[in-house]
Each structure stands twice: as C-alpha cells, then as structure tokens.
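One structure is given here, and the rest of the page talks about it.
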Amino acid sequence: DVKVTQSSRYLVKRTGEKVFLECVQDMDHENMFWYRQDPGLGLRLIYFSYDVKMKEKGDIPEGYSVSREKKERFSLILESASTNQTSMYLCASSLVVVYSNQPQHFGDGTRLSIL
Amino acid sequence: RKEVEQDPGPFNVPEGATVAFNCTYSNSASQSFFWYRQDCRKEPKLLMSVYSSGNEDGRFTAQLNRASQYISLLIRDSKLSDSATYLCVVNNRAGNNRKLIWGLGTSLAVNP
C-alpha cells in the first residue's frame, strides 16, 4: 500500500510566522501535490511537483511556496502565515505511467490554525 | 458552469437501500475519472476508477457516459459504514496525471 505521511495532524501557529508542512511518500511516486480543503470550497490545488526540484503553481499559490529536494519529500511553506490560511492541508502523490492516468493517494492531512 | 458538478445532498437512505450519485463534467476531452470517499475530518481515499465500459467492485458500480458527460456511482445494499462524502474527480490530461479537477462532493447518510 502507498504510504503518504504528513508531519503533523494538528498545528497551531501565530500570524506572521513562517510555517513548514512536510510530506513524505514511500512509493517512489514522481508526482506530489499540496491541497487545502475548506468547507464549501472543496479541494483546491496549491502547488504540485512532477520531479525533484520541479514545481508548478496550482490554483491558489499566493502566500505559499514549496520545496522538493528529494523525490520522496515535498514541503509546503507559508512564508508569513495569515489567519485566512487556517485550513486542512492535504498532501498527495501519484505514479506517472505513460498514457495512463493514475489516482492520487493522500496523507492524513494537517489541520492548521493560524491565530 | 463548474468543471465538475455534483449534487451536494445530503442523501439520507435506510440501510439496505440502493442509492445513485451523478457527476457532470464540462470538458469533453476529459481523459479519466475517479470516485473518492471522504469520511468526516479524514483524507479522501480512492474508492474506484471509472472505466469507459463501466466497472463494478462488490456493491459499488461506476458508469461513464461520454455523450452526456457524466459519471455515476451506484451503491447497492447500503451499509451504515457507507456514510461519507463521495467526491467525483476528473483528469483532463493524459500522460503524467498532473492535475485533477475535484467536485465538491455528495454527502450520504445511511440510517439504521
């Protein structure tokens, strides 16, 4: 089974802090994703990465950055946390198979509260 | 029009009932389709992929109608444990699966 591990289930930070959310997958997947999920808005893609040191903006990248130094690890960074970044953050990974679309597998999620 | 639309529900059904959800998508070039299940305050988990010919996994049946641009999920003999939100997901690109388009989900409550 695919295992995607997020570093924290619950996190409380203060406005203006720099926040790091870590995600590790153990299945050698090329693709990794960061989403946030809010009531009524569903899953929204923040950033994704299709290879080491490669990244692409998703639908809502403002206020976030990412880092992928190793294939198994994808970090989400809130440069200066704000209260509107309070949310559930979900990391996912997927395999690349040519001409075949593979599903994404999720970590448990991190509930981040910015006070 | 949203790229992926689902009836939010909630669907309240008794145990043993058959329930069906539809999901419409706007991009006729969409390549692949999935149903995910999400329990309250948990992460989404893949329920099943949806294949062109339709596919079944136990009590669950998924169908694709390309002409009308919708996918469906049928649950037979509902169990209490089926209570969850069901997310419809569409991938518009073949190849490296970079971006999925997520519906907002349909809430199902199975009652004793």
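The values are calculated or read from the model by the stated rules, or taken from the named source; none is laboratory data. Keep in mind that what you see is a predicted model, and the values were worked out from it rather than measured. For neighbour counting, all protein chains shown are included, and Cβ atoms are generated from backbone atoms with ideal geometry for every residue, glycine included. Just the protein is used for accessible areas: all its heavy atoms, side chains included, with ligands, DNA and RNA removed. Shrake-Rupley method; radii C 1.70, N 1.55, O 1.52, S 1.80 Å.
A few notes on this one:
- Per the listing A:Glu22, A:Glu56, the residue uniquely acidic (Asp, Glu) and at the interface with chain B (Cβ under 8 Å from one of its Cβ atoms) is A:Glu56.
- The residues listed here are B:Tyr70, B:Tyr51, B:Tyr25, B:Tyr36; of these, the one that is modelled with pLDDT of 95 or more and under 14 Å from the mean Cα position of the chain (by Cα) is B:Tyr36.
- Enumeration of residues in segment A:65-89 that are touching a residue at least 60 places away in the same chain (Cβ under 8 Å) and in a strand (DSSP E or B): A:Leu78, A:Tyr89
Okay, residues lined up against (1) farther than 10 Å from B:Asn22 by Cα; (2) among the β-branched types (Val, Ile, Thr):
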| position | (1), (2) |
| --- | --- |
| B:Tyr51 | yes, no |
| B:Glu56 | yes, no |
| B:Thr61 | yes, yes |
| B:Asn65 | yes, no |
| B:Ile71 | no, yes |
| B:Leu74 | no, no |
| B:Asp77 | yes, no |
| B:Ser81 | yes, no |
| B:Cys88 | no, no |
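- In this structure, A:Thr15 does not satisfy being at pLDDT 95 or above and within 30 Å of B:Pro10 (Cβ to Cβ).
- Restricting the first member to segment A:14-39 and to residues that are closer than 11 Å to A:Leu76 by Cα, and the second to residues that are open to solvent by 40 Å² or more (accessible area, probe 1.4 Å) and not in a strand (DSSP E or B), the beta-carbon pairs closer than 7 Å and six or more apart or on different chains are A:Lys18/A:Glu79; A:Lys18/A:Ser80; A:Leu21/A:Ser7; A:Glu22/A:Ser7.
- Among (1) open to solvent by 20 Å² or more (accessible area, probe 1.4 Å); (2) more than 14 Å from chain A (Cβ to nearest Cβ) - the single one B:Ser78 does not satisfy: (1)
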